Amino acid sequence: MRFFVKKRKPLSVPSDLIPSKLSKPRRRPIRYHAEQDLIAMVSKDLRNKSMRNFLTALPVDESHKGVGLVMLERHNLSEGDFVLIKVGQLNPLIGMVRWVKKLDHGLVRLGVEYSE
């Protein structure tokens with residue numbers, strides 16, 4: 001007895017669903033939720049090691065490479081800005097704002113990557 005296998009057409013997948021090898025890889029560091037009572041201080045002045053004139057933000061998540069913050073929109077931080085950031089009891093570090101996303105009227109979430 002002979003069995004004939006019917007040839008099937010290959011599935012066609014839209015090109016926008018196939019990941020591109022040229023696309024930028026997603027961040028790899030593990031993210032941790034920030035402690036409940038943690039506050040971050042952000043300064044646009046990189047020489048302000050005393051953190052006297054600073055902006056206040058709430059850390060949402062942390063990794064060894066950076067931190068995600070929620071803060072008021074009126075502070076006008078934008079992508080590419082270098083800032084001095086002090087999260088909790090850590091020493092102040094220089095970081096760069098990597099992305100800014102508007103959450104609500106007057107609130108933004110931003111990602112800061114540590115440069116040190």
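Observations on the structure shown:
- All of (1) over 13 Å from the mean Cα position of the chain (by Cα); (2) of a type outside the set (Lys, Arg); (3) surrounded by 12 or more Cβ atoms within 10 Å (Cβ to Cβ) hold for Met96 with one exception: (1).
- Considered as a group, the residues in segment 40-94 that are small (Gly, Ala, Ser) and part of a loop (DSSP other than H, G, I, E, B) include one that is modelled with the lowest pLDDT, and that residue is Ser50.
- The number of residues in segment 40-77 being of a type outside the set (A, V, I, L, M, F, W, C) and under 13 Å from the mean Cα position of the chain (by Cα) comes to 8.
- Those residues of segment 42-62 which are among the hydroxyl-bearing types (Ser, Thr, Tyr) and crowded, with 16+ Cβ neighbours inside 10 Å, in sequence order: Ser43
- Some residue of segment 18-39 being at pLDDT 85 or above, part of a strand (DSSP E or B), more than 14 Å from the chain's Cα centre (by Cα) and not polar (S, T, N, Q): no
The values are calculated or read from the model by the stated rules, or taken from the named source; none is laboratory data. Keep in mind that this is a model prediction, so the values were computed, not measured. Please note: Cβ atoms are built from the backbone with ideal geometry, for glycine as well, and neighbour counts cover all protein chains shown.
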